[in-house]
There are 2 protein chains.
Amino acid sequence: MSSKKILIIGGVAAGPKTAARARRLDPDAQITILEKGKYISFAGCGMPFYLSGKIHDFDHLYSTSYGVKRDPEFFKSERGVDVFTGMEAISIDRANKRVIARNVDTGEERVFEYDKLVLGTGSYPITPPIENLDLKGVYRLNHLEDAQTIKQALDAGEVNDVVIIGTGFIGMEAVDAVFSPMRTVTVVEFRDTLLPGILDPDMGTLLYKNFYEQGLEGRFGEKVLRLEGEDGRVTKVITDKGSIDADAVILAVGVRPNVKLAQEAGLTIGETGAIVVNEYMQTSDPDIYALGDCVENTHLLTGKKVYAPMATYANRQGRVVGDNVTGGKSTFKGILGTGVLHCMGMNVARTGLGEVQARALGYDIESILVATFDMTHYHPNSNKILLKMIVEKNTRKLLGIQGIGKGEVAKRIDVAATMMYYGGTLDDLLNLDLGYAPPYNTPIDPMVHTGMALKNKLEGVANTYTPQEVKEKLARGEDFVLLDVRTPQQFNMRHIEDDRVQQLTLGELREKLDQVPGDKEIVTVCVMGTRAYEASRILQGAGFKNVKFMEAGMEGWPFDMDDF
Amino acid sequence: MSSKKILIIGGVAAGPKTAARARRLDPDAQITILEKGKYISFAGCGMPFYLSGKIHDFDHLYSTSYGVKRDPEFFKSERGVDVFTGMEAISIDRANKRVIARNVDTGEERVFEYDKLVLGTGSYPITPPIENLDLKGVYRLNHLEDAQTIKQALDAGEVNDVVIIGTGFIGMEAVDAVFSPMRTVTVVEFRDTLLPGILDPDMGTLLYKNFYEQGLEGRFGEKVLRLEGEDGRVTKVITDKGSIDADAVILAVGVRPNVKLAQEAGLTIGETGAIVVNEYMQTSDPDIYALGDCVENTHLLTGKKVYAPMATYANRQGRVVGDNVTGGKSTFKGILGTGVLHCMGMNVARTGLGEVQARALGYDIESILVATFDMTHYHPNSNKILLKMIVEKNTRKLLGIQGIGKGEVAKRIDVAATMMYYGGTLDDLLNLDLGYAPPYNTPIDPMVHTGMALKNKLEGVANTYTPQEVKEKLARGEDFVLLDVRTPQQFNMRHIEDDRVQQLTLGELREKLDQVPGDKEIVTVCVMGTRAYEASRILQGAGFKNVKFMEAGMEGWPFDMDDF
Ligand SMILES: Cc1cc2nc3c(=O)[nH]c(=O)nc-3n(C[C@H](O)[C@H](O)[C@H](O)COP(=O)(O)OP(=O)(O)OC[C@H]3O[C@@H](n4cnc5c(N)ncnc54)[C@H](O)[C@@H]3O)c2cc1C
Ligand SMILES: Cc1cc2nc3c(=O)[nH]c(=O)nc-3n(C[C@H](O)[C@H](O)[C@H](O)COP(=O)(O)OP(=O)(O)OC[C@H]3O[C@@H](n4cnc5c(N)ncnc54)[C@H](O)[C@@H]3O)c2cc1C
Ligand SMILES: CC(C)(COP(=O)(O)OP(=O)(O)OC[C@H]1O[C@@H](n2cnc3c(N)ncnc32)[C@H](O)[C@@H]1OP(=O)(O)O)[C@@H](O)C(=O)NCCC(=O)NCCS
Ligand SMILES: CC(C)(COP(=O)(O)OP(=O)(O)OC[C@H]1O[C@@H](n2cnc3c(N)ncnc32)[C@H](O)[C@@H]1OP(=O)(O)O)[C@@H](O)C(=O)NCCC(=O)NCCS
Ligand SMILES: [Ca+2]
Ligand SMILES: [Ca+2]
């Protein structure tokens, strides 16, 4: 048996996963992890739950399910891996297959030899060009130490007016962690909607509507210029549009790959700024592998390189690298950009391309927004969800799906991601055999209904306007009838305030067709889209020439928020 | 436009769905539904939730989400469909394209013409050969009237010692509906385990262990011979093995397709006893379509015909028939036998072939049983689940998966069903881009971990015994070491009582290898399988020749139930 030297730099997810898998495959290899920080093998993704108190004990963030801390001792005894913490790799000597490292406390240098080198150097948080970031009360949420610091401030009652800068996944996880009726929480987002690039603007807006109603303050299209403070403590966030009181600021404007070591060693860096690897996770030097937050990935739909720093990729790639550094030939095929988030009681999930991304890439697409129940409406656990589906027009290939709601959306997005792995089409979706029972979904699963509605649209059976388009028509002062076909109770609870709105329930429509003006465009509207679709078919069947329905009904209508 | 006559027989799911879709596509067609019963368009699947009180109002079982009852009036006004209830079709005159029907109250006959005829005649419950089924207190759970009758009995306090005969989906939904600490609930199953044919025996047993601990009584491999009663009311269920007190008996031994009308009309009936249709849902008479519980389906993996009466197929097929009777060419490709159930706090889901079914069909398979958390173990909502995965050995094609647990399994089964639609393999599974966040799953999704474990098994990296095999080895008196590598606390809480058990935690194993006998077979065991797998790798790496681990650990060990 070999006694191969496998040297791994970085000790969070990518590194330790590689080490664990490699050990299981090669009992004799010398496996070593160098980590410049203090903690290893920790659940960064769990930090928000520690802040919110869902996880009581800090140690749980790096403990096994059977209560053993994953410290160097654990790696030695349970995985046979040598871990050096506080040990920073400072250069790679590829010619001699050695890494020079430095003890961060003593400054002492040390040389580590390798047969196979693995870079799991991860990412670092972007520091935006904002003045006075060194004030007390300014936090990040990227390392375990960050979580400890914020937690102490939370427990000390120092976090009452919180401003979170950036509304990507980490920003919104921070929101989820600190949001409470006892605090003012404001998010400031440079772009126009929540979770930009993750959700399309319409979905981001609908999600924000929910959060806004719960009390979250959003400032969009607004740029933070500087912070102000008193006695060295932050008191205000100054943007290009105004000022916000703050005793705590969390910076979450994204991360960048840690490529310094790789770059200095002459390894190829890609356009995304991350390390280039092939599907075996090999860098341009075949004896050096890289994975996790420091590498770029291939998008399975577009074939393009993307930077997508996610724990799930770090772990799955770790297994691939563990195979390959011990003589295997495993591959990591690429990604679809699947992501899922729980925030303020809402489930958020997405995979593939958004409408905006797909159009920017030149795809000829069709999309639909659907509101639906996540399970049989008569079940007490049922909740509404909104799904947006995007397909390529000519091939009907699924390009992307996004879901938000109190109800279950993660399942649907995983199913879609599975389909997309195979290049699945709308017709495939209609033929999937998904399990049905009342506490899980509807006899035709919500995802499948969404696909049917999109197919109807492609085939001219469903003619629609998006809520955004309806809003624009109204704003332009166009002459048309907005035919609300809901029950009077539903109408009275909430409706679009406009003279062009006419009321007729779906049940009375067939009998009262004469009350619908035959010379005007008719746009039907209901709660979720189904009745409005039905009404549009009735009207079209009765000879009305110019009929559409509003996608997703009032559930898809965010424009009566106080702010709009 | 045509004024085509579309005549539909059967008014529950298949019929009304066909009618609704056909109407949207053809505004001028005359669409008529004949239903011999009183209710139409009802949620039979919702009945258990009405019994348990989760649904308060009986009417909710056939109401829209906006509170309108789906009665003939609804079908007339909202769908433009004529419904005749209490109207039984008694014969089909194919030559003249007419159906003869009879009013079930008046006996009056009436003739309905058709251009396209649709049979959605559904299924009827099997009446087993048990004496005295006419006693009071004997129920079925197939029609809305059944639900009403049982509900009245429940409310009247007449249901205290319940015996449910049959443990298929409907039997177990009945269990879920009536189970309560205030009642004795016993299931009697002719076959050897719970949900036979749906779950493999090992999974059925593990599920039963959970139910048993909650207080459910199971009688397996036991045949009910007769009921006994007093004053016309059931008091006892007599089986071939004994007697059970009962003041209520629910019969749930399966359903058979309603094919009388089709058969008498000379339409082809398949080997399964159900109506034969092609992928357009056409019977042997191209102007007669059939769908739902009265037809047989094609299994997408085996290509074989199967009878699988499920609401989801009835509805999805209804949309296909709605397309085709109005001139379309939609197809229903087949099924995978996906099913999902919520019972006594447990989620149960399955798709594809079970191990037993696959072997019976001659597949050369490998399978694995895995216990895992459904999400990051540190999240307070995390729960354990058990997954069993079955692949074809040479192709590594996924053949089936079954899941049970308090945690989320339905999502995983839907993902597997999606993969199987595409003929997906284990290697595909490892490359799926499933969304990860701590409240939803683990960085490597539990399903993917299961696939990895199975791949390890196929590649000789994981060498295992199933819990059943370990039990048999113990019973045979074989000489081997059952090495329990859990923490002492975990061991003390529950362990296999046997002299062959030895204790060493995973953490101390590398140091204490000399305490492990080198000349004996070693079988490692832990809580869920992961540590035991790791321990097996350590031992193999250290030169131990005969090492295996027990799949799914103590979570997969049901054999210390009082009854075993
Ligand atoms: C709040 C939060 C929530 C998240 N939630 C999710 C989620 O829900 N789902 C998801 O998929 N992802 C999530 N992520 C992302 C996830 O945490 C990262 O993708 C993952 O940690 C990447 O692991 P990695 O090992 O590649 O890199 P990192 O975690 O960045 O670790 C790299 C390590 O390498 C060390 N290092 C770097 N250079 C050197 C050197 N020269 N010498 C020695 N050591 C070095 C660093 O100190 C660092 O510890 C979240 C992240 C955060 C911050
Ligand atoms: C308690 C329970 C729970 C269930 N749970 C689920 C579940 O969770 N998931 C799932 O997928 N499925 C479930 N099912 C199965 C589901 O209810 C059936 O698959 C579905 O009802 C089939 O619909 P169908 O219209 O094809 O047939 P049926 O529901 O059987 O309806 C057929 C109708 O046709 C009428 N008819 C028959 N012959 C004639 C005639 N000659 N003239 C006039 N009318 C006629 C009958 O009176 C009947 O009303 C459940 C069933 C039950 C009983
Ligand atoms: C924990 C860590 C060291 C990985 O170690 P690991 O030993 O591979 O992980 P686990 O203990 O979960 O074991 C997984 C192994 O057990 C197998 N397995 C899992 N459940 C099993 C079961 N019930 N039965 C049999 N095998 C099982 C898996 O297939 C895998 O083995 P393989 O890779 O050889 O195929 C690494 O993932 C890590 O450091 N994670 C924490 C950091 C992190 O991920 N942060 C970001 C997310 S918040
Ligand atoms: C209800 C029933 C009559 C079907 O009627 P339906 O009009 O097809 O059903 P819905 O009202 O849900 O509408 C579904 C239609 O709206 C579309 N749709 C659903 N949500 C939509 C939305 N938000 N926006 C736009 N369209 C939507 C669907 O695509 C579908 O249209 P299509 O078939 O033309 O593509 C029939 O399914 C039934 O009788 N069900 C009850 C009985 C039953 O299923 N029992 C067994 C299970 S318990
Ligand atoms: Ca509606
Ligand atoms: Ca374990």
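Observations
- Karplus-based coupling profile of segment B:479-487, in residue order and whole Hz: 8, 7, 9, 9, 8, 8, 9, 7, 6, with θ = phi - 60° in 6.51 cos²θ - 1.76 cosθ + 1.60 and x standing for Gly or Pro.
- Given charges at Cβ of Lys, Arg, Asp, Glu: the protein assembly as shown dipole, positive-most of B:Thr106, A:Phe544, B:Ile130: A:Phe544
- Peptide B:62-70, shielding by other chains (average Cβ, 10 Å cutoff): 5
- Between copies, B:Gln148 shows label-point distances of 6.8 nm, shortest first, with the point placed 7 angstrom from Cα along Cα to C-beta.
- For segment A:464-556, the relative contact order is 36 percent, taking Cα pairs closer than 8 Å that sit 6 or more residues apart in sequence and dividing their mean separation by the residue count.
- Other protein chain Cβ atoms within 10 Å, averaged over every residue that makes up B:316-324: 2
- Rounded, prolate or oblate (a/c below 1.5 giving rounded, otherwise prolate when a/b exceeds b/c) for chain A by Cα gyration tensor: prolate
- Computed from the C-beta positions of A:Glu88 and A:Lys223 and an R0 of 41 Å, the FRET efficiency is 0.75 to the nearest 0.05.
- Cβ crowding within 10 Å averaged over residues, with B:426-434, B:134-142, A:428-436 ranked highest first: A:428-436, B:426-434, B:134-142
- Nearest-20 debye value, segment B:168-272 charge dipole, Cβ charges on Lys, Arg, Asp, Glu: 180
- Set of segment B:239-273 residues, backbone N closer than 19 Å to the point 7 Å along the Cα-Cβ line of B:Lys5: B:262, B:265
- Along its three principal directions, the equivalent ellipsoid of segment A:339-458 from the Cα gyration tensor extends over semi-axes of 23, 16, 12 Å, largest first.
- FRET efficiency, 1/(1 + (r/R0)^6) with R0 45 Å, evaluated for B:Lys406 and B:Glu108 via beta carbons: 0.25
- Separation of segment B:201-223 and segment B:340-383, taken as the distance between their Cα centroids, equals 16 angstrom.
- Stretching the chain fully between A:Glu230 and A:Asp245 yields a gain of 4.2 nm (0.36 nm per residue, less the alpha carbon separation).
- Since only B:Asn160, A:Val237, A:Gly362 are under comparison, the one whose Cα sits farthest along the positive direction of the charge dipole of the protein assembly as shown, derived from C-beta charges on Lys, Arg, Asp and Glu, is A:Gly362.
- With contacts taken as Cα pairs under 8 Å and at least 6 residues apart, chain B reaches a relative contact order of 11 percent.
- The modelled label-to-label distance for the pair B:Val356/A:Asp28, using points 7 Å beyond Cα in the direction of Cβ, is 4.7 nm.
- Net charge of neighbours whose Cβ lies under 13 Å from the Cβ of B:Gly204, counting Lys and Arg as +1 and Asp and Glu as -1: -1
- Segment B:503-564 and segment A:36-106 have their alpha-carbon centroids 27 Å apart.
- Top positive-direction residue, dipole computed over the protein assembly as shown with Cβ charges, set B:Tyr378, A:Val253, A:Ala416: A:Ala416
- Tensor-based shape of the protein assembly as shown (alpha-carbon gyration tensor, a/c under 1.5 rounded, otherwise prolate or oblate): oblate
- Overall, chain A carries a charge dipole of about 1500 debye about its Cα centre when +1 sits on the Cβ of Lys and Arg and -1 on the Cβ of Asp and Glu, all other atoms neutral.
- Chain B: calculated mean residue ellipticity at 222 nm from DSSP helix runs of at least 4, using -39500 (n - 2.57): -7500 deg cm²/dmol
- Structure note, pairs A:Lys209/A:Lys473; B:Lys4/B:Lys69; A:Lys329/B:Lys548; A:Lys457/B:Lys388: Cα-Cα distances above 30 angstrom occur for A:Lys457/B:Lys388.
- Segment A:Thr127-A:Arg98, extension gain: residue separation times 0.36 nm, minus the distance between their alpha carbons: 7.2 nm
- Taking a ≥ b ≥ c as the square roots of the eigenvalues of the alpha carbon gyration tensor, segment B:464-556 is rounded, as a/c is under 1.5.
- Each of A:Asn463 and A:Asp192 was given a label point 7 Å from its Cα along the Cα-to-Cβ line. The distance between the two points is 2.8 nm.
- Projecting 7 Å from Cα along the Cα-to-Cβ direction, the label point of B:Gly518 sits 9.9 nm from its equivalents in the other copies, listed shortest first.
- Cα centre as origin, Lys/Arg/Asp/Glu Cβ charges: the protein assembly as shown dipole, Debye: 2100
- Here A:Arg233 yields copy-to-copy label distances, from shortest upward, of 7.3 nm, the label point defined as 7 Å from Cα along Cα to C-beta.
- Of every Cα-Cα pair in segment A:138-253, the percent that sits beyond 23 Å: 24
Any read-out appearing in this document is the output of simple, stated calculations on the displayed coordinates, not a laboratory observation. Being a predicted model, the structure only gives us computed values, none of them experimental. So basically every Cβ, Gly included, is an ideal-geometry build from the backbone, and we count neighbours across all protein chains shown.
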